[in-house]
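Visitor: What follows is a structure written as structure tokens; I'll ask about it next.
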């Protein structure tokens, strides 16, 4: 099979090219490179047009969230956390809120559970829509982004209606959610889903049945199955390698145990397979959203009352809450010392491993022109690496 | 502009190793001398209607550039398009907070841009530090380091607000008010001093042109 | 790869015939969603300037600044939030927490300027194009970050209450007190309204932290009657409470009581500061009410030897003789007084100034004198028949109840007046098994009594007769001297002058009468100043000693300086004001005795 | 305006004000303690001020009084018939006496105004009625705020 | 106490097993045993997935507490392994050979807390910071606000008033003395 032949498994050991030999070209890709998702840079060493070594450089977006969170009250951190991963803020909100609720022993109302699930799945869809435009663009297919980013915008319109925010929703607040669904909202959700689904059909036709995309993506960035545990790979990157792990199923948080879905698993573990799998997860998200709209309780409170946020102290303890975001395991590790501010908050973003360790190894032996496509195929967001 | 100019001493490029100093420009930027009357007005019209955007999303704000570039908001129809390199760009969108590490790249990119060049600053973070007001790694006022032509309030500003910002920028350019580049040249020493105060490992030329 | 992979991409062409996604005029065509978190709005009239928005704002984006045309007043700091759009992150936590609910957001989101310094404004004060926008973020129904409901105070049921003189209000448990204390936002608007300017946020914090000793210490900084004030204070603080601007005010009074109740008298000394070394100076205080004893406390803390002269047999003044036991049980009052006495303050009970000892003698024997004699004289009804034997005065009835004397009110009692004394008299009569009518010249909402008192009096069975202008008291035809007819004229409220309170105007012919065994007049009280002679040099105007800001009335030659305070001098005529006067006078006396300024 | 009649009218008023001064002086003699005396002295000084004012108007030949009648709070009408205050008189006693006195003056001027045939003279008495009503209102306000606070 | 807790206690002196929730527990070991413990957990106990590594500055007791979060995907449970290291001389064995991404976390902790992991690749290189001259910034005694105020210019003109003191000034200034 052609794909078999294309698969290259880069060696674990870093090559040490002799840079003074004149054989190699050192080049920086990023931070202001349109093909790089977010701001990070790759220091590439190329021999001819093949990359032989890569160092990742991150930190362009480092704002010191974990330090800032130690300076702020628990509730004050609520607007802060969503900024950690710009294209996908809701998972931050959920993990942070859930961690606090667990530490403080708060059980959120049923309606909040469903609205949170809805919000996370809509976010997943929006995030993937953004991503697929980038993935297609990185292989020179600009049309997809014209559609998918607009589809994402339609989902953001729903978010704006539900939460009052377009990018930063600040909706999943500790204790529940911040507001009920507006009248007629579910109807508009279903309408939007129909439009998105129709466009996804087109995207599938145009992008996945496309000789150019296939030629460039197939076999690119092959991740062997045994890397999954070794590098801590999660999410679609792991599932494309045939590892059926999905925290939504495994941890069974929020309303997921009551929803009907199965993790999508791939076999080929290359850029094409990962893209294909994410397309599948978009359809899956649409399906889940429809289920949620159908099953979510229409009445009841959407928020548990919390103590005065100005003095809210959380009993000493620690916890780690993770959720399956579009890229894999997203988690918040919160340590409380019993005071009104967290002692330590650490954020576990899947890109941490995907964009640094895995990327550095995968990129060896890849054609320079494919570096951007490879990187996008790992679906990485630098802000969650450096926080 | 008509006042007599003393020729400043060449830049030392002290951040660079001695053997590399000669490879880079050692002259400070100079102010742009406008053309006369109608010709300058024509130039300004042309500049304002072809805003070429540097494709460097420096902060959260970059997320709203994608919708702008694509079909729904379609900024091309307003004469705005992204370019991959500073050498081809005339507008720099500072998309919010700037960490020190990014600031270094911002300065470098800004200086590399062709004049006349304009800066659009998005959101709270560029005005007074925003939510990262107490962070050890983000600057609070971008106007301390590079001149800014238009500010857009919001966190994040919606794409429409960005478009409105571009309209305002166009208006400013057409009225001959896009003076940022000249301000930078005029106050070059001040900007440099500010930049070097926060960029501790200054290992690039003093003026990246 | 097959042939489809080369053909399928051309499907994109069909899109040429579809409606494009492009929005024609994005800036005009897409207003923010109805819930959009756009630029801030503030209803500056509803806003009380408490600064809770500033406290919750993690961006440090909000400053409180004086707003043009708004002065500080009770319950309004006169400050308004100014928002820095160089900081704001539009999280709207300020909207969610705002106690008054005055903050909201419009759905406007375009604000562009060349000048970075303009992005700061005081919403609601500086006009902006989006002011009054109907759309935009409001906090959702039923969603607030603060709890608008007060923790209910456990109280005796009304039926149970009227059957005895047991204390009505049981006091908070620890959990209840901490929950209630958690409602406070520490804005401090209340401090200005408290006549004693107590550190209310400070002691509420002590409740939250469970640090009762610290709480007690803060209470005693400005008020040595926490047990009494924790029960019967007129709590002006609660009227000023910012939480009260959008819900029930924090139960400041109950929390004060909670602190005092938690600490045993024997542990007070551990929590409270020690007095200064003896100064060798002697101060006489006339009247052992809250004002006099407060002055005594603070003077003795400064090391002065204090003697308090009290005409009655027990100390406490109106707190003891004017306030019934079910509101302020004597052991609680005794605890406050007991601590003051334990510091070495000597109280000479049963000594009446002007009768047993002259003021001039005090001026010679002591280094300073403080007059805090209150208002012992009840004013009469001033209607024909007011000296009928069944017309009693309210203060006297309450005092007799305190002394445990037989009241002999009979079965039907009328109480004339709408003040706290009237309510206390009515409820005391109820507890003696009488049916009680409360007759008041104006409407219920005009009553000077605390709304709670009125509500409880009614709940306990008193009948309220509003707009009843007293006309005459007559002997009851069949029971001369045993019962009386009270005759009143029904009135309507007439707004005679704009801006002033309406006047009750008798309705011609609407004369009513009622037969009562007792008629308790509680229309007002006055001072007894007969003990002040012209030679004492105390300036008096309209039956009030004239004093300076420290309460000093005279430092004329011929004797020690004389200070005065409490109901005798101030307009507020409540315990907390008397306490504040006593504290202020103590400071004044101390400064004078030590020659510090003044 | 007929000077003699005008003068006669003012003389009458002057007489009443002087009687008032005498009234307070008499009470003051009866007073037993400082607070009573200072209050009576204050009210007496007010009346003396009125005496001086009316004398001035008489000398100038014109009445400079506002015709606006103060709102009647209706207290005086219902007050118990005047009693002679005693040595132990309270603030209430003094105020009641003062209110009643102002009321009686007002009633007198009212009757005179009704009886007056000349429009000019009528107006003088009407203005005096108004003046007395304002005095009464002053004391009534004081009564409401200081004495009858709770009713 | 479950089997694994006993096993860890017996082999490595692990203590303080605590079930945070039904699928998450924590346990404490000596820092010197950390590599052995992690290897055991990875190879023998099924905890094949390293979620993240981080540190907590317990300045009060002069220690950094390292937290290694592991996950056993098959058993669907997580384990957080704690180890205290001396705050004055924080050095820990590197586990970069056990997991392919561990070196990044170690590099991060080196930069953020000043904890050394000898032998870990590029551990002394700058990670997210550039030209940083201050102390490791995640230490509790590093004051972010003070650093920011001293380093980055702020827009002037901000001034606020405390309602309580403002009201005192306006309404009862005599009490201010």
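Visitor: Scan (1) at pLDDT below 80; (2) outside any loop (DSSP other than H, G, I, E, B) for the single condition residue D:62 breaks and write down its number.
Guide: If we test residue D:62 against (1) at pLDDT below 80; (2) outside any loop (DSSP other than H, G, I, E, B), just (2) comes out false.
This table checks each residue for (1) more than 27 Å from residue C:30 (Cβ to Cβ); (2) touching a strand residue (DSSP E or B) at 6+ places or on another chain (Cβ under 9 Å).
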| residue | (1), (2) |
| --- | --- |
| C:60 | yes, yes |
| C:88 | no, yes |
| C:95 | no, yes |
| C:100 | yes, no |
| C:112 | no, yes |
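Visitor: If you scan the stretch B:186-209, which residues turn out to be surrounded by 17 or more Cβ atoms within 10 Å (Cβ to Cβ) and outside any loop (DSSP other than H, G, I, E, B)?
Guide: B:188, B:191, B:192, B:194, B:195, B:198, listed by residue number.
Visitor: Of the numbered conditions (1) within 23 Å of residue B:64 (Cα to Cα); (2) within 14 Å of chain C (Cβ to nearest Cβ), residue B:92 satisfies every one except a single condition; which is it?
Guide: (2)
Visitor: Which count do you get for residues in the stretch C:410-432 that are surrounded by fewer than 23 Cβ atoms within 10 Å (Cβ to Cβ) and either in contact (Cβ under 8 Å) with a residue 60 or more places away in the chain or closer than 24 Å to residue D:147 by Cα (or both)?
Guide: The number of residues fulfilling the criteria is 5.
Visitor: Against the definition (within 24 Å of residue B:187 (Cβ to Cβ) and surrounded by fewer than 21 Cβ atoms within 10 Å (Cβ to Cβ)), how does residue B:79 come out, yes or no?
Guide: no
Visitor: Among (1) modelled with pLDDT under 90; (2) more than 7 Å from chain C (Cβ to nearest Cβ), where does residue B:124 come up short?
Guide: Every listed condition holds for residue B:124 apart from (2).
Visitor: Would you point out which residue out of A:343, A:290 is touching a residue at least 24 places away in the same chain (Cβ under 8 Å), within 25 Å of residue A:87 (Cα to Cα) and more than 18 Å from the chain's Cα centre (by Cα)?
Guide: A:290
Visitor: Let me ask another. Which of the numbered conditions does residue A:356 fail, given that it passes all the others? Conditions: (1) within 20 Å of residue E:67 (Cβ to Cβ); (2) at pLDDT 90 or above.
Guide: For residue A:356, the failing item is (2).
Visitor: Still on this structure: If you go through the stretch E:53-74, how many residues are touching a helix residue (DSSP H, G or I) at 6+ places or on another chain (Cβ under 8 Å) and at pLDDT 90 or above?
Guide: Residues flagged as touching a helix residue (DSSP H, G or I) at 6+ places or on another chain (Cβ under 8 Å) and at pLDDT 90 or above within the stretch E:53-74 amount to 6.
Visitor: Can you spot a residue in the stretch B:107-114 that is facing another protein chain (nearest Cβ under 7 Å), under 16 Å from residue E:148 (Cβ atoms) and in contact with a helix residue (DSSP H, G or I) (Cβ under 8 Å, 6 or more places away or on another chain)?
Guide: No - not one qualifying residue is present in the stretch B:107-114.
Visitor: Can I ask one more? How many residues does the stretch E:1-23 contain that are away from chain A (no Cβ under 14 Å), farther than 18 Å from residue E:39 by Cβ and without any contact (Cβ under 8 Å) to a residue 12 or more places away in the chain?
Guide: Of the residues in that region, 2 qualify.
Visitor: Would you kindly identify the helices (runs of 4 or more DSSP H) lying entirely within the stretch A:69-187 that contain at least 2 residues that are more than 10 Å from every other protein chain (Cβ to nearest Cβ) and within 18 Å of the chain's Cα centre (by Cα)?
Guide: Correct list: A:89-104, A:110-138.
Visitor: Just checking, does the stretch E:150-159 include any residue being more than 14 Å from chain C (Cβ to nearest Cβ) and either surrounded by 21 or more Cβ atoms within 10 Å (Cβ to Cβ) or assigned to a helix (DSSP H, G or I) (or both)?
Guide: Scanning the stretch E:150-159, I find at least one residue that is more than 14 Å from chain C (Cβ to nearest Cβ) and either surrounded by 21 or more Cβ atoms within 10 Å (Cβ to Cβ) or assigned to a helix (DSSP H, G or I) (or both), so the answer is yes.
Visitor: Specify the residue that is farthest from residue C:368 (Cα to Cα); the eligible residues are those in the stretch C:525-537 that are over 31 Å from the mean Cα position of the chain (by Cα) and within 8 Å of another protein chain (Cβ to nearest Cβ).
Guide: Only one residue tops the list, namely C:530.
Visitor: Still on this structure: Hey, can you tell me all the residues within the stretch C:96-137 that are within 31 Å of the chain's Cα centre (by Cα) and part of a loop (DSSP other than H, G, I, E, B)?
Guide: Those that are within 31 Å of the chain's Cα centre (by Cα) and part of a loop (DSSP other than H, G, I, E, B): C:98, C:99, C:100, C:101, C:102, C:122, C:123, C:124, C:125.
Visitor: Right, another one. Residues of the stretch B:151-183 being more than 8 Å from chain C (Cβ to nearest Cβ) and assigned to a helix (DSSP H, G or I), which ones?
Guide: Of everything in the stretch B:151-183, those that are more than 8 Å from chain C (Cβ to nearest Cβ) and assigned to a helix (DSSP H, G or I) turn out to be B:162, B:166, B:169, B:170, B:171, B:173, B:174, B:180, B:181, B:182, B:183.
Visitor: Of everything in the stretch B:178-209, what is more than 16 Å from residue B:11 (Cβ to Cβ), touching a residue at least 60 places away in the same chain (Cβ under 8 Å) and under 14 Å from the mean Cα position of the chain (by Cα)? Give them in sequence order.
Guide: Matches in the stretch B:178-209: B:178, B:180, B:181, B:182.
Visitor: Among the residues in the stretch A:31-44, are any within 8 Å of another protein chain (Cβ to nearest Cβ), surrounded by fewer than 21 Cβ atoms within 10 Å (Cβ to Cβ) and modelled with pLDDT under 80?
Guide: The answer is yes; a qualifying residue exists.
Visitor: Starting from residues that are surrounded by fewer than 19 Cβ atoms within 10 Å (Cβ to Cβ) and in contact (Cβ under 8 Å) with a residue 40 or more places away in the chain, keep the ones in the stretch C:433-455 and report whichever is farthest from residue C:494 (Cα to Cα).
Guide: Ranking the qualifying residues of the stretch C:433-455, first place goes to C:450.
Visitor: Which of the residues that make up the stretch B:127-147 are under 16 Å from the mean Cα position of the chain (by Cα) and at the interface with chain C (Cβ under 7 Å from one of its Cβ atoms)?
Guide: B:127, B:143
Visitor: Taking the stretch C:173-193 only, how many residues are at negative phi and either buried (at least 24 other Cβ atoms within 10 Å of the Cβ) or facing another protein chain (nearest Cβ under 7 Å) (or both)?
Guide: Qualifying residue count, the stretch C:173-193: 12.
Visitor: Can you tell which of A:211, A:271, A:241 is in contact with a helix residue (DSSP H, G or I) (Cβ under 6 Å, 6 or more places away or on another chain), under 30 Å from residue A:142 (Cβ atoms) and within 14 Å of chain C (Cβ to nearest Cβ)?
Guide: Answer to the check: A:211.
Visitor: Same structure again: Residues C:385, C:380: which one is assigned to a loop (DSSP other than H, G, I, E, B), in contact with a helix residue (DSSP H, G or I) (Cβ under 9 Å, 6 or more places away or on another chain) and either within 28 Å of residue D:94 (Cβ to Cβ) or without any contact (Cβ under 8 Å) to a residue 60 or more places away in the chain (or both)?
Guide: C:380
Visitor: Within 12 Å of chain D (Cβ to nearest Cβ) and either buried (at least 24 other Cβ atoms within 10 Å of the Cβ) or under 30 Å from the mean Cα position of the chain (by Cα) (or both): which single residue out of C:591, C:584, C:542 fits that description?
Guide: C:542
Visitor: Sticking with this structure for a sec: Would it be correct to say that residue A:300 is within 14 Å of chain E (Cβ to nearest Cβ) and under 22 Å from residue A:259 (Cβ atoms)?
Guide: no
Visitor: Any residue in the stretch A:331-346 that is more than 10 Å from chain E (Cβ to nearest Cβ), farther than 19 Å from residue A:68 by Cβ and assigned to a helix (DSSP H, G or I)?
Guide: no
Visitor: Identify, please: which residue in the stretch E:113-148 is within 8 Å of another protein chain (Cβ to nearest Cβ) and not in a loop (DSSP other than H, G, I, E, B) and is, among those, nearest to the chain's Cα centre (by Cα)?
Guide: Across the stretch E:113-148, the extreme among qualifying residues is E:144.
The values are calculated or read from the model by the stated rules, or taken from the named source; none is laboratory data. Note that the coordinates shown come from a computational prediction; the quantities given were computed from them, not determined experimentally. Reconstructed Cβ throughout: ideal geometry from the backbone, glycine too, with neighbour counts over all protein chains shown.
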